[in-house]
Structures are given as C-alpha cells and as structure tokens.
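Working notes, beginning with the structure itself.
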Amino acid sequence: MLSVPVARSPRKPGTLLIALAGVCLTAAVAGAQGEITAARAEQSPVVDGKLDDPCWRRTPAVTGFTRPLSKEATAKRVSVKVCFDEAALYLAVTCAEPNPGRLRANSKQDGPDVWKDDCVEFFLRTTGNSLEFDQFIVNTAGAKQSLRRRAATGEQAWTPGWQSAVRVGA
C-alpha cells in the first residue's frame, strides 16, 4: 500500500483518468487536508477514461472534497480513486456535471491556457519545501498543462511524461 497525502480541493468540474509516471511521493501536498491510501494495482489500468479495469473496481472512492481555501463542499460531487504500480501513480477523478454541454474547453491542445477551462488540477509536493510543487492540469477536452514550482527557479512550464484520458457524459 502507498499512502498519498493530498489537498482535497479540485478547482473546476471535469472527468479524467490520469497516469503519472515516475512521480516521487515523499512529502505531503501543501495544505493537505487528508490522506488517501492507494492500493497496488496487480495489472496497470488502461488510460482510456473508463473505470472498468480491475484496480478501479476494488479501489474505494475518496469523497468529501472542499472548495479551494475553504471548508465549504464543492458545488458538484467529486470523487477520486488512486492506485499505483511499479511504473506510475494512477488517479481517476469523477466529477458530477448535470449539464455537460455547458463545459468550457477552449484549449483543444496541450498548452499554457488549459487551466482557464473547466478542468481538474492535481498538486503534488515532491520535496520538503511547502512552496515547491508539481501541478498537473487536464481539461474536459483532454488538453494538458504541467507546471513545476521550485524555490530557486520559480514557476516553470514543464513537460513530464504523463497520460490522461477524458470521458464526458458517461
């Protein structure tokens, strides 16, 4: 089992399955409000936006997310499942959206403006410094954006090897 401390404050609605390869998880995310225990996946899930792989069927969903910098619940239901194998950490996010046709996804390709769309963001702190993090963003069209913040260099665009898949209206 792997314990992954996380901040429970997704920013906007979206639906995604994400695989983060080679991420070192040795410290808590800044502002962590809880801890998720991730199960080891016997077989890697397919990153296709579907949650029909064996690891997802046996992984409990984490709920109870709050709005950023608040104790107020998110406006729409959000749940996350986490598992890992030797190669990657896998995150499955399900966001309730009663009107999928109203989702904003202006960025159709990876780039610097993905965060402006309806999206899901993960912040991972991989150092002991609470001001340093790796940020992973994916919008409802599947476009990705990654940022890395380090004390010595500030915030930088970053292109790590990660995959995502989005399924809207499932």
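The values are calculated or read from the model by the stated rules, or taken from the named source; none is laboratory data. It should be emphasised that the depicted structure is a prediction, and the values quoted were computed from it without experimental measurement. Neighbour counts run over all protein chains shown; Cβ positions are idealised from the backbone, glycine included. With ligands, DNA and RNA removed, areas are computed over all heavy atoms of the protein, side chains included. Shrake-Rupley method; radii C 1.70, N 1.55, O 1.52, S 1.80 Å.
Here is how the numbers come out for the structure above:
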item	result
Accessible surface, per residue, of the range 104-165 when the full set of protein chains is kept, probe 1.4 Å, Å²	50 Å²
Sorted peptide list for 42-49, 147-154, 161-168, criterion being average Cβ within 10 angstrom, highest first	161-168, 42-49, 147-154
Area accessible to solvent at Arg58, 1.4 Å probe radius, in Å²	120 Å²
Share of carbon and sulfur in the accessible heavy-atom surface of the range 58-154 [1.4 Å probe, %]	52 percent
Simple spin-label estimate for Gln135 and Ala39 in nanometres, 7 Å along Cα-Cβ	3.3 nm
Anchor Lys116: lysines whose Cα lies under 16 Å away (excluding residues fewer than 8 positions away in-chain)	Lys12, Lys108, Lys144
Listed peptides 131-144, 67-80 by packing density, highest first (mean Cβ within 10 Å)	131-144, 67-80
³J(HN,Hα), Karplus 6.51/-1.76/1.60, whole Hz, each residue of the range 109-117, x for Gly, Pro	10, 4, x, x, 10, 4, 4, 6, 8
Globularity ratio of the range 83-146, using Cα Rg and 2.2 N^0.38 Å	1.29
